[in-house]
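Undergrad: One structure, as structure tokens, below. Some questions next.
The values are calculated or read from the model by the stated rules, or taken from the named source; none is laboratory data. Bear in mind that the values here come from a model prediction, so they are computed numbers and not experimental data. A quick note on method: Cβ atoms are made from the backbone with ideal geometry, for glycine too, and the neighbour counts reach across all protein chains shown. Just the protein is used for accessible areas: all its heavy atoms, side chains included, with ligands, DNA and RNA removed. Shrake-Rupley method; radii C 1.70, N 1.55, O 1.52, S 1.80 Å.
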Amino acid sequence: SAVISQKPSRDICQRGTSLTIQCQVDSQVTMMFWYRQQPGQSLTLIATANQGSEATYESGFVIDKFPISRPNLTFSTLTVSNLSPEDSSIYLCSVEDQGFQETQYFGPGTRLLVL
Amino acid sequence: TQLLEQSPQFLSIQEGENLTVYCNSSSVFSSLQWYRQEPGEGPVLLVTVVTGGEVKKLKRLTFQFGDARKDSSLHITAAQPGDTGLYLCAGVRSGGSNYKLTFGKGTLLTVNP
């Protein structure tokens with residue numbers, strides 16, 4: 001399994017500002033994923049990030065609101081732009097298992113509160 | 001419509017009791033995973049099941065994948081307070097993207113000492 005770290009672990013932001021979340025993996029992986037987990041809810045996939053190409057966004061999520069970078073095989077960032085209280089959530093990154101692509105491992109998450 | 005339905009949504013039991021959590025769908029999955037998420041943490045993978053009818057055991061936890069690969073169950077024997085957490089099932093649909101996980105809403109388990 002992969003060891004995944006996220007920064008920051010939590011933050012409180014003012015509406016209208018942006019927050020960039022970093023995800024670091026201890027091994028090279030092809031695909032990285034970003035999820036949102038709203039309070040009391042399950043995980044919803046925001047986008048898939050491949051190194052060297054643009055991220056693929058799920059329905060309801062757009063690049064202007066959630067720009068993603070994937071500069072190398074061990075790192076990715078997710079920015080949540082123009083924050084509103086509705087963006088208060090846990091944001092999680094994950095990576096696929098290198099032996100079985102359908103299994104994913106998750107980071108500890110970033111807890112965002114927007115005031 | 002939720003692709004993966006988990007039941008029960010909430011479960012509160014006493015230490016030592018047994019319990020079963022269900023994950024059901026009308027769709028066929030090529031694989032299904034179970035995760036446990038504790039407060040303040042990300043989901044931690046417990047098991048991946050791939051073959052219809054497959055049974056996997058992890059200490060006091062028994063996981064079963066339905067014969068038709070549309071459903072799964074998690075049975076915990078002699079539950080302990082350390083088992084407390086949110087249990088999530090997630091699957092990859094057959095014929096879909098080979099990486100896109102769909103999650104159920106989860107079962108929030110509380111084991112009281």
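Undergrad: Over what distance in Å are the Cα centres of the range A:93-115 and the range A:7-81 separated?
TA: 9
Undergrad: Give, rounded to the nearest 20 debye, the magnitude of the charge dipole that the range B:5-112 has about its Cα centre when Lys and Arg contribute +1 at Cβ and Asp and Glu contribute -1 at Cβ.
TA: Using only the charged Cβ atoms, the result is roughly 340 debye.
Undergrad: Mind checking the per residue accessible area of the range B:5-112 for me, 1.4 Å probe, whole number of Å²?
TA: Value returned for the range B:5-112: 46 Å² of accessible area per residue.
Undergrad: Could you list, in their original order, any pairs among B:LYS56/B:LYS105; A:LYS7/B:LYS56; A:LYS7/B:LYS57 whose Cα atoms are separated by more than 29 Å?
TA: A:LYS7/B:LYS56; A:LYS7/B:LYS57, as the Cα separations exceed 29 Å there.
Undergrad: Oh, and also: Pull up all non-local amide H partners of A:GLN104: gap of 5 or more, or a different chain, and H-to-H distance under 5 Å with H placed in the peptide plane.
TA: When sequence neighbours closer than 5 places are left aside, the close amide H contacts are A:ASP97.
Undergrad: Another question, then. For the range B:19-31, take each phi angle, set θ = phi - 60°, evaluate the Karplus expression 6.51 cos²θ - 1.76 cosθ + 1.60, and give the result in whole Hz per residue in order, putting x for glycine and proline.
TA: 8, 9, 10, 10, 9, 10, 8, 8, 9, 8, 10, 6, 7
Undergrad: So, one more: Using the Cα centre of the range A:1-102 as the reference point, and only Cβ charges (+1 on K/R, -1 on D/E), how large is the resulting charge dipole? Debye, rounded to the nearest 20.
TA: Value, rounded to 20: 320 debye.
Undergrad: What are the ³J(HN,Hα) values, in whole Hz, obtained from phi via the Karplus relation 6.51 cos²θ - 1.76 cosθ + 1.60 with θ = phi - 60°, for each residue of the range B:39-48 in sequence order, with x given for Gly and Pro?
TA: These are the phi-based 3J(HN,Hα) values: x, x, 10, x, x, 10, 5, 9, 7, 10 Hz.
Undergrad: Let me ask another. Any idea which of B:LEU88, B:SER73, B:THR48 is furthest toward the positive side of the dipole for the range B:5-112, if Lys and Arg beta-carbons carry +1 and Asp and Glu beta-carbons -1?
TA: My answer, from the dipole projection, is B:THR48.
Undergrad: Turning to a different aspect of this structure: What are the aspartates and glutamates whose alpha-carbon lies under 18 Å from the alpha-carbon of B:LYS70, with same-chain residues fewer than 8 places away excluded?
TA: Hits, sequence-local ones excluded: A:GLU102, B:GLU5, B:GLU54.
Undergrad: A further question follows. Give me the dipole magnitude in Debye, nearest 20, for the protein assembly as shown about the Cα centre, with unit charges on the beta carbon: positive for Lys and Arg, negative for Asp and Glu.
TA: Dipole about the Cα centre, nearest 20: 40 debye.
Undergrad: Find the relative contact order for the range B:5-112 and round it to a whole percent, using C-alpha pairs within less than 8 Å whose residues are 6+ positions apart.
TA: Relative contact order here is 36 percent.
Undergrad: Here's a follow-up. Report, by chain and number, residues whose modeled amide H sits under 5 Å from the one on B:GLY106, excluding near sequence neighbours (fewer than 5 apart, same chain).
TA: Residues meeting the criterion, in which the H sits 1.01 Å from N, are B:GLN6, B:CYS89.
Undergrad: Would you kindly find the accessible area of A:VAL114, with a 1.4 Å probe and non-protein molecules such as ligands, DNA and RNA excluded, rounding to the nearest 10 Å²?
TA: Its heavy atoms expose roughly 10 Å² to the probe.
Undergrad: Accessible surface of B:LEU101 in the full protein assembly, 1.4 angstrom probe, to the nearest 10 Å²?
TA: 10
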